[in-house]
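Input: a single structure, listed below in structure tokens.
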Amino acid sequence: MKPIKPVVVAAILVLAFSFLIPALVVLPFHNDKVSGKLHEKKPAKEEKKAASVQVSVYRSMEKKVDRVPMEDYVAGVVAAEMPATFKLEALKAQALTARTFIVNRMLNGGNRDLPDNANVTDTVNDQVYLSRDELKNVWGKAYQEKMEKINKAVAATEGEIITYHNKPIDAAFFSTSNGYTENAGDYWSNAVPYLKSVKSPWDQTSPKFKKVTSIPVTAFEQKLGVRMQANDTGTVLSRTEGKRVAKIKIAGKVFTGRQVREKLGLPSSDFTWERKGNEIEITTKGYGHGVGMSQYGANGMAQEGKDYKAIVAYYYQGVTVQPFSQIAGAGALAKK
């Protein structure tokens with residue numbers, strides 16, 4: 001038998017080693033506990049335009065204008081306008097209304113009499129807004145817990161607004177209904193397709209649902225500019241779809257329910273009254289104008305498990321929730 005040449009031996013060893021290396025690499029790690037998935041690099045998220053938008057808020061007490069990042073402004077409005085004890089989904093719905101309001105105002109203009117080109121006031125003339133320092137004074141030791149909840153609601157809806165036909169809506173809201181919301185056209189001068197009367201039975205649990213107050217007959221007559229006869233307490237001529245007073249005749253004069261509400265300072269235009277001697281005892285249901293989203297109604301829906309999109313879709317008919325960066329003119333807001 002001829003001896004094997006060294007060249008052949010070397011070739012055999014190289015071939016064997018080439019098969020051995022993959023096995024050595026795989027075998028030490030081959031067990032049932034090893035698992036993994038193919039990794040895929042995700043594209044970086046597009047920076048949200050809301051982060052760079054600044055809101056100019058006229059601070060009515062200090063007589064100055066503060067520039068506030070939009071999401072901070074929204075948090076300050078939610079904290080001021082809705083109880084932090086409400087359910088998270090209700091707070092999210094309120095965040096949507098607050099953001100929609102300011103986007104609409106910045107795109108379409110509003111009160112041009114404000115100094116330094118401010119976009120909005122911090123009062124009920126627009127939306128109530130409180131800064132973080134002001135909220136610390138209001139909430140005291142509860143500030144951290146309540147602010148975390150507000151921030152969570154705002155962050156969950158960041159950049160989102162309510163639109164109708166791709167335009168921000170007039171996101172009207174109020175505290176408590178009388179069991180129904182009001183058609184916009186029944187309270188204001190113009191009808192709005194997405195602000196229509198709907199049932200809101202959850203409001204009956206609100207502490208503001210019903211109120212009874214008494215005022216002297218003389219004050220009643222003075223505020224309304226009428227002279228009442230002893231046996232004439234007025235006649236409700238018609239009511240709105242939202243069960244509020246539409247027209248009422250008092251001492252020969254006809255008023256709208258809104259006029260009576262504002263002249264007498266009533267919480268709602270759903271009212272009845274009774275004369276008791278020299279006093280008029282007035283019973284009202286609901287608190288606020290009644291148009292748009294009821295805050296206590298929103299909380300009631302949230303308690304039943306409805307999310308914020310379902311809440312706004314119920315109170316604002318035919319609307320869409322979408323990023324405000326998608327609507328026309330949004331890009332210009334960051335430059336204001």
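The values are calculated or read from the model by the stated rules, or taken from the named source; none is laboratory data. These figures come from a predicted structure and were not determined experimentally. Here the Cβ is made from the backbone with ideal geometry for all residues, glycine too, and neighbour counts use every protein chain on show.
The table below lists the values:
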{"quantity": "Test result for VAL226, in contact with a strand residue (DSSP E or B) (Cβ under 6 Å, 6 or more places away or on another chain), exposed (fewer than 15 other Cβ atoms within 10 Å of the Cβ) and not assigned by TED's automatic domain parsing to the domain that holds TYR164", "calculated": "no"}
{"quantity": "Where ILE150 falls short, out of the listed (1) assigned to a helix (DSSP H, G or I); (2) surrounded by fewer than 18 Cβ atoms within 10 Å (Cβ to Cβ)", "calculated": "(2)"}
{"quantity": "Strands (runs of 3 or more DSSP E) completely within segment 251-331 that count 1 or more residues being closer than 30 Å to ALA156 by Cα and not small (Gly, Ala, Ser)", "calculated": "320-323"}
{"quantity": "Residues that are buried (at least 16 other Cβ atoms within 10 Å of the Cβ) and part of a loop (DSSP other than H, G, I, E, B), drawn from segment 198-223", "calculated": "VAL198, SER200, SER206, LYS208, PHE209"}
{"quantity": "Exclusive hit being within 19 Å of THR181 (Cα to Cα), surrounded by 22 or more Cβ atoms within 10 Å (Cβ to Cβ) and within 29 Å of the chain's Cα centre (by Cα), set GLY318, GLY242", "calculated": "GLY242"}
{"quantity": "Hits in segment 155-169 - residues which are part of a helix (DSSP H, G or I) and closer than 15 Å to VAL312 by Cβ", "calculated": "ALA156"}
{"quantity": "ASN137, sole failed condition from (1) buried (at least 17 other Cβ atoms within 10 Å of the Cβ); (2) assigned to a helix (DSSP H, G or I); (3) among the polar types (S, T, N, Q)", "calculated": "(1)"}
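Here's the yes/no breakdown for (1) touching a residue at least 24 places away in the same chain (Cβ under 8 Å); (2) β-branched (Val, Ile, Thr); (3) within 23 Å of VAL260 (Cα to Cα):
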{"position": "ASN137", "(1), (2), (3)": "no, no, no"}
{"position": "GLY140", "(1), (2), (3)": "no, no, no"}
{"position": "GLN144", "(1), (2), (3)": "no, no, no"}
{"position": "LYS152", "(1), (2), (3)": "yes, no, no"}
{"position": "PRO201", "(1), (2), (3)": "yes, no, no"}
{"position": "PHE220", "(1), (2), (3)": "yes, no, yes"}
